[in-house]
Amino acid sequence: MKIVADYLKENPTDFDVIESHLSHLLPDELISGVIVLRCEPETLKKRLEKKGWDAEKIRENVEAEMIDLIAWESRQKHENVVEIDTTFKTPETVAEEVGKYINKFREKN
């Protein structure tokens, strides 16, 4: 993560979005906001099975969702954390919501 953090410090306007499960490892001053996509665990399990993920990786992801791991870790490090429940939404609807939050984060900077 040090390489990513160093790059962000040296190139602060090169991008708008980083897709990752590692936002909690980056310094808050480098992050405008964090968007955590959530999903009801049973629905998440079915989605991952449909994608062909192996059982152990599915179990890890469902367990992390059940205990709110990603959102909790993000909140430990960053001020601007929002969650979007994707369980009953289309990818297009989720993308629209993500875009709205990105714009809100931009306005704050």
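Below are the figures for this structure:
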| read-out | value |
| --- | --- |
| Output for region 37-93, where each listed residue is assigned to a loop (DSSP other than H, G, I, E, B) and more than 19 Å from K104 (Cβ to Cβ) | C39, E40, K51, G52, W53, D54, I67, D68, T87, F88, T90 |
| Pick from region 15-36, criterion surrounded by fewer than 17 Cβ atoms within 10 Å (Cβ to Cβ) and part of a helix (DSSP H, G or I), ranking: farthest from the chain's Cα centre (by Cα) | E29 |
| Flag for D28 being modelled with pLDDT of 80 or more, acidic (D, E) and over 21 Å from K108 (Cα atoms) | no |
| Leading residue by the ranking (nearest to E42 (Cα to Cα)) among those in region 62-79 that are surrounded by 16 or more Cβ atoms within 10 Å (Cβ to Cβ) and in contact (Cβ under 8 Å) with a residue 40 or more places away in the chain | I70 |
| Conditions (1) exposed (fewer than 11 other Cβ atoms within 10 Å of the Cβ); (2) farther than 23 Å from S23 by Cα; (3) not basic (K, R); number of the one not met by E49 | (1) |
| G33, sole failed condition from (1) in contact (Cβ under 8 Å) with a residue 60 or more places away in the chain; (2) more than 21 Å from E107 (Cα to Cα) | (2) |
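The values are calculated or read from the model by the stated rules, or taken from the named source; none is laboratory data. Please read all numbers here as calculations on a predicted model, not as lab measurements. For neighbour counting, all protein chains shown are included, and Cβ atoms are generated from backbone atoms with ideal geometry for every residue, glycine included.
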